[in-house]
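Working notes for the structure below.
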Amino acid sequence: MSVQEPSKNLKILFMASEIAPLAKTGGLADVANSLPKALLELGHDVRLVMPCYGTISPDWLGKRLGTFMVFHGGTHVSGGVRLSTLPGSKVPLYLIEQGLYFSRSGLYQVGGQPYSDNLDRFAFFSLGALEGVAQTGWIPDIIHCNDWHTALAPAYLKVSLRVNPKWRGLPTVFTIHNLIYQGRFPAAQFHQTDLPDSLFTPDCLEYFGDINVMKAAIAFASKINTVSPRYAEEIQTPEGGCSLDGFLRTRSADISGILNGIDYSEWNPSADPLIKAKFSRKLLKGKARCKAALQQELGLPQHDAPLFGCVSRLVHEKGIDLILDALDVLLRQNVQLAILGSGDPELERRLAEAAQYHPERLKVVLRYDEALAHRFYAGSDFFLMPSRSEPCGLSQMYSLAYGTIPIVRETGGLADTVRDAASERLKKRTATGFVFQEPAVDALLQAAQRALDAYAHPETLDQLRKTGMAEDFSWERSSRAYENLYREAIAKP
Ligand code: ADP
Ligand code: GLC
């Protein structure tokens, strides 16, 4: 196949298990919302497809286009396909219906326990999305799959006879948003993948005796990428490869890293309807009002103590336990800390307990609250993100946009987006935050101490804030990088 001329607009099908604002548990949903909008801006015919969860607001369900049938898990299963539009945009959005799988209260789990039929659910989604959209008559040039939930699609397109004949062999890009979540299931469920038994081998889906769904995409996608250049390197090393580094290295020529962007139409302190007062790099005054409002909302004393914020999924890789272990030392000083998050029940329990010990200094909100997250980014002075691993991370970029100085561990996208306030950089006015190396309490505390020292010097604080706010993480550059990646995938023999 010849390399396409760069001017040709592409037909792109973007598959994801969550897309904001319809359904979101983390950064994938934000990327699945904003990258397609940026691709549309570049003139491409980009369309989205996701499961039609029972939790999606009826306003966003669009209209039913028709039904389809796939042979899945050894039987015929029917599904519906709806056509909606991504709210606030012109991007068409297909929703794949099947009440048995998607009319539930959670996306992937309930009460901290993953649904036992997740393989069944997302294999159906992957196959059903290909068939449901094929029935509308539209044929994409490229299919962009994201994370394990859609990782079977590249295998179906390459080897399965169950795929609509017009779609067979279509090229794919697979984005790894987080290598930790690989989609591992017991071998006995292999029939649910709808793939031939001959693919249950170490060079395809087999993994220490289990099924590993992500391996299907690593084996069969035309191109593989991840969400920051640093993470693309890390996942190919034994330390960062989550036991898949060897397998990933077999595809290293096809692996790249493209830094995520953020959507400034949603995350912009000078136009954000969800925060108390608007502010900008040139007119920062409103930020102090946002801080006072956040203190008041959380029941923190409204004095000029530095306020550390954290908005996070509460899971081990986010380093929440490091924050917990640092609390006694950190809160001995005149500081305030506010944490918004949900997740691991044990981390939730420890945080709630700690908040009872430090009622004047620590507030913990254990829920998912998008609007409150905006107020956290706007009202905090510093943002804690001591991740053990972080493929890209959007929260530190939101913080930078809102003049909230991030304190991050040097890993993945955090390393690619935050520049440490070392003295040389402060002199050159290029620093944007505080970066530490070891995933250890002492290292976190030292970085926090450096932040407190900066807080005591308004000029330094002001410089860090303003340099961070001037950073440009818009999708424009990254969407062009995706465009190139799509063309490379299409041109591959
Ligand atoms: P990840 O996708 O690994 O969770 P990211 O930094 O890429 O990490 O994205 C996290 C996104 O989820 C951000 O938009 C963040 O504001 C949001 N988020 C996480 N926890 C909460 C919460 N409890 N309430 C509101 N938003 C949250
Ligand atoms: C994943 C990663 C996060 C990244 C997000 C969007 O959830 O954990 O680092 O920002 O995907 O790509």
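The values are calculated or read from the model by the stated rules, or taken from the named source; none is laboratory data. Remember, predicted model here, so these are calculated numbers, not experimental data. Backbone-built Cβ (ideal geometry, glycine too); neighbour counts: all protein chains shown. For the accessible areas, the whole protein counts, side chains as well, though only heavy atoms, and no ligand, DNA or RNA atoms are used. Shrake-Rupley method; radii C 1.70, N 1.55, O 1.52, S 1.80 Å.
Some points to look at:
- Partner aspartates and glutamates whose Cα lies under 17 Å from the Cα of LYS285, excluding those fewer than 8 positions away in the same chain, are identified as ASP272, ASP304, ASP381, GLU459, ASP462.
- For segment 285-472, the extents of the C-alpha atoms along the principal axes are 43, 34, 30 Å, listed from largest to smallest.
- Per-residue ³J(HN,Hα) for segment 243-260, Karplus 6.51 cos²θ - 1.76 cosθ + 1.60, θ = phi - 60°, Hz, x for Gly and Pro: 6, 10, 4, x, 5, 5, 5, 5, 10, 4, 5, 9, 9, 9, x, 10, 5, 4
- As a size descriptor, the averaged projected area of the C-alpha convex hull of segment 213-348 was calculated at 12.2 nm².
- Simple label model, 7 Å out from Cα along Cβ direction - ARG64 to SER105, nm: 2.7
- Rg followed by Dmax, in Å, when the chain is reduced to its Cα trace: 22.9, 68
- Cα-Cα over 27 Å, subset of LYS24/LYS363; LYS24/LYS158; LYS278/LYS428: LYS24/LYS158; LYS278/LYS428
- Prolate/oblate/rounded label for segment 1-93 (Cα gyration tensor, a/c 1.5): oblate
- Computed E for SER270/LEU161 - FRET, C-beta separation, R0 45 angstrom, nearest 0.05: 0.25
- Couplings 3J(HN,Hα) for segment 55-61, derived from phi with the Karplus relation 6.51 cos²θ - 1.76 cosθ + 1.60 (θ = phi - 60°), are 8, 6, 4, x, 4, 9, 7 Hz, where x marks Gly and Pro.
- Value of [θ]222 nm, deg cm²/dmol, for the chain, DSSP H segments ≥ 4, -39500 (n - 2.57) each, nearest 500: -10500 deg cm²/dmol
- Rounded, prolate or oblate (a/c below 1.5 giving rounded, otherwise prolate when a/b exceeds b/c) for segment 166-209 by Cα gyration tensor: oblate
- The mean sequence separation of alpha-carbon pairs under 8 Å and at least six residues apart, normalised by the residue count of segment 339-484, gives a relative contact order of 18 percent.
- Here the simple spin-label model places points 7 Å from the Cα toward Cβ, and for SER116 and LYS427 these points are separated by 6.5 nm.
- Lysines whose Cα lies under 19 Å from that of LYS8, excluding same-chain neighbours fewer than 8 positions away: LYS37, LYS492
- At R0 = 30 Å, FRET efficiency that the Cβ-Cβ distance of ASN484 and GLU239 yields, to 0.05: 0.55
- Carbon and sulfur %, accessible surface of the chain computed with the full protein complex present, 1.4 Å: 52
- Across the chain, the relative contact order, built from alpha-carbon pairs under 8 Å that are at least six residues apart, equals 13 percent.
- Within segment 350-408, the percentage of alpha carbon pairs spaced more than 13 angstrom apart rounds to 67%.
- Proximal aspartates and glutamates relative to LYS11, as straight alpha-carbon distance under 16 Å, when same-chain residues fewer than 8 apart are discounted: GLU41, ASP45, ASP141, GLU483, GLU488
- Whole-Hz couplings from phi, Karplus 6.51/-1.76/1.60, listed for segment 358-374; x for Gly and Pro: 10, x, 8, 10, 10, 10, 10, 10, 9, 7, 9, 8, 4, 5, 5, 4, 4
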